[in-house]
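Beneath this line is the structure, given in structure tokens, with notes to follow.
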Amino acid sequence: MSILITGATGFAGCHLVEHLHKKGYPSLHALARHDRWPVGFESVKSLARLWTCNLTDASHVRHVIAQTKPKQIYHLAGSVDPAQSNRDPSLAWQGNLVSTQVLYSTLVELQIMPRILHVSTGAVYGDVRQTGQVINEQTELRPNTPYATSKAAADLLGYQIYRSHGLPIIRVRPFNFIGPGLPARFALAHFAKQIAAIERGLQKPVLRVGQLSTERDLLDVRDLVEAYVLLMDRGKPGEVYNLAYGQTYPMRWFLDQLLAHCSIPIEVQVDPTLLRPADTATVQVDLSNIRQTTGWQPKYQLAQTVMDVLNYYRSLNVSSMN
């Protein structure tokens with residue numbers, strides 16, 4: 001069975017390729033804008049055929065679809081940086097909505113009907129009305145960045161294409177996720193990268209941090225991709241499923257987990273340049289839909305996940321640390 005993963009060279013995409021390979025799927029096709037795998041995932045190169053493709057170019061997409069003839073598509077590709085979307089909203093709209101429209105229109109045109117997992121984001125819920133609000137799949141979408149708005153539009157497009165053309169699209173809205181290979185632009189990875197540099201003597205024993213009281217629901221990426229595969233097998237086309245760990249912790253807790261495994265005394269300093277405007281209020285995610293449909297439960301303890309992020313940065317060579 002031919003499986004196509006868009007955005008395969010991204011953080012979650014690399015883990016998904018590894019997971020599908022371990023599950024015994026032999027015909028994996030990875031689609032990305034660039035012909036290289038990220039640092040730490042070079043071994044994934046042997047697990048899937050990599051196609052370089054601009055998803056906003058219909059001729060490129062048509063070629064890949066005609067060559068691969070996928071029976072399943074995991075659609076992970078898109079613009080992923082909310083801050084960048086504020087600076088240049090057009091990148092978010094092109095990367096999230098236009099690329100999705102081109103992909104789905106091409107499938108309809110070619111009359112190819114693969115089962116599709118459309119990966120949206122929990123950010124589409126945006127501005128919640130109160131701290132502690134429970135978010136389920138019927139919660140109003142109130143996206144507050146061009147990134148979140150473009151993802152919400154692509155999410156709704158997936159439903160419209162399913163209703164109009166019968167393309168079996170299952171939507172999933174994952175919240176934040178972490179794990180080995182997490183890029184350093186995310187707070188936890190930024191902490192881990194600094195600690196690894198301090199341990200090697202590449203940085204003074206001072207850890208620069210932003211807001212530590214912010215609470216986050218962080219899921220291990222390996223649990224995330226397992227949920228993706230279960231949804232591909234058992235999810236109902238036209239439906240949408242929230243995906244999260246199910247419990248929030250302040251960023252201070254994650255930092256303390258990292259520091260507990262470092263033998264060097266480290267001073268923690270708040271860096272004003274890392275502080276952001278007030279975050280969205282803390283929410284709780286209702287996971288009953290995905291659990292009832294697939295039986296999914298997270299397997300990884302977050303303390304272990306945090307250690308795996310630190311060990312990933314410890315494993316990098318010096319040139320990759322810069």
Under the Karplus relation with 6.51, -1.76 and 1.60 and θ = phi - 60°, whole-Hz ³J(HN,Hα) for region 186-191, x at Gly and Pro, equal 8, 4, 4, 5, 4, 4
Put 294, 282 in order of accessible area, largest first, probe 1.4 Å, and you get 282, 294
Burial-style ranking of 257-267, 297-307, 95-105, average other-beta-carbon count within 10 Å with highest first, yields 95-105, 297-307, 257-267
Share of accessible surface on carbon and sulfur in the chain, whole %, 1.4 Å probe and ligands ignored, is 49 percent
Pseudo-spin-label distance residue 160 to residue 113, built 7 Å along Cα→Cβ, given in nm, is 2.2 nm
Magnitude of the Cβ-charge dipole (Lys and Arg +1, Asp and Glu -1) of region 117-213 about the Cα centre, nearest 20 debye, reported as 300 debye
Checking region 1-103 for trypsin sites (Lys or Arg not before Pro) in a loop per DSSP with at most 16 other beta-carbon atoms within 10 Å yields 23, 33, 36, 71
From highest to lowest solvent-accessible area (probe 1.4 Å; ligands, DNA and RNA excluded), 215, 226 read 215, 226
So, with points 7 Å from each Cα along the Cβ direction, the residue 260-residue 57 label distance in nm works out to 5.0 nm
In debye to the nearest 20, the charge dipole size for the chain, taken about the Cα centre with +1 at each Lys and Arg Cβ and -1 at each Asp and Glu Cβ, equals 580 debye
Dipole check, the chain, charges on Cβ (K,R +1; D,E -1), about Cα centroid: among 80, 113, 292 the Cα furthest to the positive pole belongs to 113
For region 106-187 the mean separation of alpha carbon contacts under 8 Å (6+ apart) over residue count, i.e. relative contact order in percent, is 43 percent
With the label point 7 Å along the Cα-to-beta-carbon line of residue 299 and a cut-off under 16 Å to each amide N, the hits in region 212-229 are 220-229
For residue 45, the aspartates and glutamates lying under 14 Å Cα to Cα, once residues fewer than eight places off in the same chain are dropped, come out as 18, 35
With every protein chain in place, the accessible area of residue 43 for a 1.4 Å probe, in Å² rounded to the nearest 10, comes to 80 Å²
From the Cα centre of region 138-168 to that of region 208-264, the distance in Å is 23 Å
Filtering trypsin sites (Lys or Arg not before Pro) in region 199-238 by DSSP loop and by at most 14 other Cβ atoms within 10 Å leaves 200
Taking 0.36 nm per residue of separation between residue 185 and residue 291 and subtracting their Cα-Cα distance, the length gained on full extension comes to 35.1 nm
Summing -39500 (n - 2.57) over every DSSP H run of at least 4 residues in the chain and dividing by its residue count gives a helix-only mean residue ellipticity at 222 nm, to the nearest 500 deg cm²/dmol, of -11500 deg cm²/dmol
In nm, the gap between the two label points placed 7 Å beyond Cα toward Cβ at residue 267 and residue 131 is 3.1 nm
Looking only at lysines whose Cα falls under 29 Å of residue 204's and that sit 8 or more positions away or on another chain, we get 193
The relative contact order of the chain, taking Cα pairs under 8 Å that sit 6 or more residues apart, comes to a percentage of 18 percent
Treating only Lys and Arg (+1) and Asp and Glu (-1) as charged, each at its beta carbon, one finds that region 92-161 has a dipole about its Cα centre, in Debye to the nearest 20, of 80 debye
Taking every DSSP bridge whose two residues both lie in the chain, the antiparallel percent to the nearest 5 is 5 percent
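The values are calculated or read from the model by the stated rules, or taken from the named source; none is laboratory data. This one's a predicted model, so the numbers in the text were calculated from it and none came from an experiment. Methodologically, a virtual Cβ is constructed for each residue, glycine included, from the backbone with ideal geometry; neighbour enumeration extends over all protein chains shown. Remember, those area values only see protein heavy atoms, side chains included, never the ligands or the DNA or RNA. Shrake-Rupley method; radii C 1.70, N 1.55, O 1.52, S 1.80 Å.
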